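None of the figures in this text is laboratory data; all of them are computed from the coordinates on show. Not measured: the values here are computed from a predicted model. Here the Cβ positions follow ideal geometry from the backbone for every residue, glycine too, while neighbour counts run over all protein chains shown.
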Amino acid sequence: MRDDDTKKYTTSDYTVLNEHFNQSLARDNEIIRARKAKTFWQNAKSIALILFFIGIAAMFIGKAMHLAQSERVVERIVEVEVEVPTSNSANNNGSSKEMIDGEEVIFQSDVTHFKQTKINFNGQTYAVTTRHNYNDPRDKRPYKQSCYVTYFGFFYELSAKEGEGSVVPIEAAPQLDVANAMGITNSDLPYFNKYCKYI
């Protein structure tokens, strides 16, 4: 072959193939994006449902715990000697005699029993206590009784009873500030009174 011979080249047009390849890549990318979006929303729905059911379960557990704590009655009897006889000369009626500066002095020993119950009212825990005052620990009936409600150190007298008489409500007006501090009103008092344990 000589140097002055004309060189022949063969050229091919791949424009159509390149366009087809580019479109194929774009279609694949679009399919991948669609699949990712679909997977994301499926995961989001699953997570939302799981959180929803966890919230519902938490509400039921909270309600069950609240119901388990409400209206739980705890009763306690406490016996307190108000005055302890200091002499060996105690009489049958709970009194004792002592000589002070040459004078005979009579001391009366009485006993108070307390009956207390804890109750839930408007989401708060109150204690309703009934006092039974005895002249003598051997007495069958108290000579005086009274009932009160307490809440965080506040003390509200509800009612009282003398001997075998009827239960008398304590006047509410002087205790209005205490009732406000405890979060109770006059209309709430019958709810607390039903827990008073008079003999």
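Given H placed 1.01 Å from N in the peptide plane, which residues other than close sequence neighbours of I170 have an amide H under 5 Å from its amide H?
Correct list: S159, A160.
Taking H placed 1.01 Å from N in the peptide plane, check which residues at least 5 places from Y195 or on another chain put their amide H under 5 Å from its amide H.
Counting only residues 5 or more places away or on other chains, the set is empty.
Return the loop-located trypsin sites (Lys or Arg not before Pro) in region 110-196 (DSSP other than H, G, I, E, B) with at most 15 other Cβ atoms within 10 Å of their own Cβ; answer none if there are none.
Those that pass, being in a loop and sparsely packed, are R138, K140, K194.
Leaving out same-chain residues fewer than 8 places away, which lysines sit with a Cα under 29 Å from that of K45?
K36, K63
Can you list the HN-Hα couplings for region 144-159, worked out from phi with the Karplus curve (6.51, -1.76, 1.60; θ = phi - 60°), rounded to whole Hz and with x for Gly and Pro?
Calculated HN-Hα couplings, in order: 8, 9, 7, 9, 8, 10, 10, 7, 6, x, 7, 9, 10, 6, 9, 7 Hz.
Students often get this wrong, so check it: of K97/K197; K161/K197; K140/K161, which have C-alpha atoms separated by over 23 Å?
K97/K197, as the Cα separations exceed 23 Å there.
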